[in-house]
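See below for the structure under consideration.
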Amino acid sequence: MRLRRRPFMAPLLFPLLAVLMAAAGVYWLGTWAKTTVVVLVRHAEAGENTSGDPELSAAGEKRVASLGKLLDDVLTDRRVDYLYAADTRRAQQTAAPVANQFRLPINVLASSDWSGLASRIRREHRGKTVVVVGYATTLPGVINQLSGEAVAMRNDEFDAIYVVVIPSPGQTRVFRLRYGPLREAISSVK
């Protein structure tokens, strides 16, 4: 009886193993290397109200009317994945056009949530586009925590949009935009 010798499989297994390891590396790199975009919007002009939580003024409503469309035009993927707004009427009314444009719920942030927002965005929204609507007092801190850049925002700066681009890997960038009608044009409407 003669035994047949089976071919040695090692020369085939090593290249196959190398290809599988390379594919796993490419997959891992693809899931790791993602860019997060955070768009931070100052709430628009507030109206007069003695209750402490005023709604948007007519000028503020005019400013935010095109905010959702503007973000749809400016964002590369033409999408927003998550929307945060401060727990005031003016912030939520500023966020409403974005919510309508991208069919998103507005996730309301209490004043105690602002300190952990940047780490939450990094942890939960990596590779996503997030819009945050807040105040001149809260947004600079979030921008600083996300990018390391100090940003000063004036109390009368209602047309400010800051875009923080966080590539992974890469250097974080901050861009400042303006939106809506010019302030001089709004004040002459009254």
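Nothing in this text is a laboratory measurement; each read-out follows from the coordinates by a stated rule. This structure is a prediction, so every number in the text was calculated from the model and none was measured. Cβ sites come from the backbone with ideal geometry, for glycine too, and all protein chains shown count toward neighbours.
Numbers at a glance
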read-out	value
Largest-first principal axis extents of the Cα set of the range 33-189 (Å)	47, 33, 28
Set of aspartates and glutamates near K69 by C-alpha distance (under 17 Å), chain-local residues within fewer than 8 positions excluded	E61, D77, D81, D159
Neighbourhood net charge (9 Å Cβ-Cβ; Lys/Arg +1, Asp/Glu -1) for T129	0
Calculated diffusion of the range 43-111, Stokes-Einstein form, Kirkwood radius summed over Cα pairs, 4 °C and 1.567 mPa s, µm²/s	104 µm²/s
Total formal charge among the other residues, if their Cβ is under 10 angstrom from that of R89, Lys/Arg +1 and Asp/Glu -1	-2
